[in-house]
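Following: one structure in structure tokens, then a few remarks.
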Amino acid sequence: MNRTTYDAIVIGAGSVGVPAALALAGQGLSVLVLDEHPSPGQGNNKKAIGGIRATHSDFGKIRVCQRSIELFARWEEEHGDDIGWLSNGYSFPAYSEADERKLKELMRVQHEFGLDIRWLAADEYAELAPGISREGLRGSTYSPGDGSASPLLAMGAFYFRSRDRGAVYRFGETVTGITTAAGRVTGVVTDRGAYGCGSLVNAAGNNARAVAELAGESFPVRPDSHEAAITEPVARFFGPMIVDMRAGANSLNYYFYQNREGQVVFCITPHPPIWGEDNASTSVFFPQVARRMVSLYPRLANLKVRRAWRGQYPMTPDAFPIVGRTRSCPNFIQAIGMCGQGFMLGPGLGELLARLVTDALTAEDARILQSFDPYRAFTGTEAFQ
């Protein structure tokens, strides 16, 4: 007999929804995941470039990503699945006195939260990134514990492990309604049926705002588009992710790294933002970012680019996620507005969501959720997004 009522329903089988299902099923809960796509990770997960860092400016993001890194780093040893993990680190080089000062001030905060991040002089940094432009280089941060993994391999691994634990997935099914009674969510309606639940988790990515509105809630999540590309594989010639914070024409920062296969993966932050969900790549992105990358790192000049693509960052006004219970229906939990960092937040956040659903939050969890409060003023900002 097909089950129609579950302890928890998760809307969205992406970077957050699948790890949440994995953690919830691991707690022995019956879990249903609903997604309009034909398979897991078909929203923005497959468009992620794979960077994973804990070096943020806020306690909540730092702690969640620290846990994510632990899970990514140990996954193959504990579960046997190759997810492409590489502990290659992150770096933010400084080419101005102002950027050096900002980075060093942020490092003091990061050290208070226990992050392994250090300042490298220009000569030391050039050993990690041989051939990088030395003109004006003042030094760089370096966080060796940060890394990268394959979004496609990791999603597959999390998905199959969650199914092993009993999670049920229904693909090609769109949520059209949320039922409530006495101030609680009682279930969802889809274009194919109806399901009851004890708790409902909104992890719907680009569609998160519309899903929340089905229950009379509205949260400021708005997708904006970013483009990325990947090169042919070549012998490894530099170490960490490189984030160039300097703004350029119609863009803010850009960043690139060499994955475990030797391919250079890169992305740029458009400015002003490109709002919307158009997935067609443009002719603007590649020449724009290529000029800046080659100027910074001339050794990149002769690499052949294999493909480019566009995806979305479901943004919030302050660039922090929205995670927590809704006031109108406390068993309706939001896990939305990941601001392009769902892949790195996902595993740690999945465990946090499982503790939230089962009323097993720790004091540290409560502090994390303060940063992600769905009803905050949205007046802050994340440093170096």
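A short reminder: the numbers here are calculations on the coordinates, not readings from a lab. Everything numeric here is computed off the predicted structure, so don't read it as measured data. Neighbour counts run over all protein chains shown; Cβ positions are idealised from the backbone, glycine included.
Below is a table of values for the structure above.
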| read-out | value |
| --- | --- |
| Among Asn331, Asn279, Asn259, residue whose mean-square fluctuation peaks in a GNM of the chain (springs only between Cα atoms under 10 Å) | Asn279 |
| Radius, Kirkwood style, for region 148-188 when every pair of distinct Cα atoms is counted (Å) | 13.0 Å |
| For region 87-172, alpha-carbon Rg over 2.2 N^0.38 Å | 1.60 |
| Candidates Pro317, Pro19, Pro272, ranked by Gaussian network fluctuation over the chain, Cα under 10 Å, top entry | Pro272 |
| Two-decimal ratio, region 101-142, of alpha-carbon radius of gyration to 2.2 N^0.38 Å | 1.25 |
| When the convex hull of its Cα atoms is projected in every direction, mean area for region 159-305 (nm²) | 12.6 nm² |
| GluC sites (Glu not before Pro) lying in DSSP loop within region 70-175, provided at most 14 other Cβ fall within 10 Å | Glu135 |
| Percent breakdown of C-alpha pair distances by 10 Å bin, ordered from the shortest bin, for region 284-335 | 18, 27, 20, 16, 14, 4 |
| GNM result for the chain, Cα springs below 10 Å: residue of Asn250, Asn206, Asn88 fluctuating most strongly | Asn250 |
| Per residue, the convex hull volume that the Cα atoms of the chain enclose (Å³) | 134 Å³ |
| Computed log₁₀ I(q)/I(0) - Debye formula, equal Cα scatterers, no solvent, region 194-236, q 0.17, 0.28, 0.33 Å⁻¹ | -0.64, -1.08, -1.21 |
| Stokes-Einstein D (µm²/s) once Rh is taken as the Kirkwood radius of region 271-385 over alpha-carbon pairs, at 20 °C in 1.002 mPa s | 125 µm²/s |
| CD proxy at 222 nm, helix term only [per DSSP H run n ≥ 4: -39500 (n - 2.57); per residue of the chain; nearest 500] | -9000 deg cm²/dmol |
| Region 94-161-region 295-311 distance, computed between alpha-carbon centres (Å) | 20 Å |
| Kirkwood Rh (inverse of mean 1/r, distinct Cα pairs), region 124-183, angstrom | 17.4 Å |
| Hull shadow area, averaged, region 2-149 [alpha-carbon convex hull, nm²] | 11.7 nm² |
| For region 27-59 and region 222-290, distance of Cα centres in Å | 20 Å |
| Set of lysines near Lys102 by C-alpha distance (under 26 Å), chain-local residues within fewer than 8 positions excluded | Lys61 |
| 15 Å beta-carbon shell around Gly172, net charge (K/R +1, D/E -1) | -2 |
| For region 141-222: Kirkwood Rh in Å [reciprocal of mean 1/r, alpha carbons] | 15.5 Å |
| Scattering profile of region 97-235 at q = 0.15, 0.18, 0.22 Å⁻¹ [log10 I(q)/I(0), Debye over alpha-carbon scatterers] | -1.01, -1.15, -1.36 |
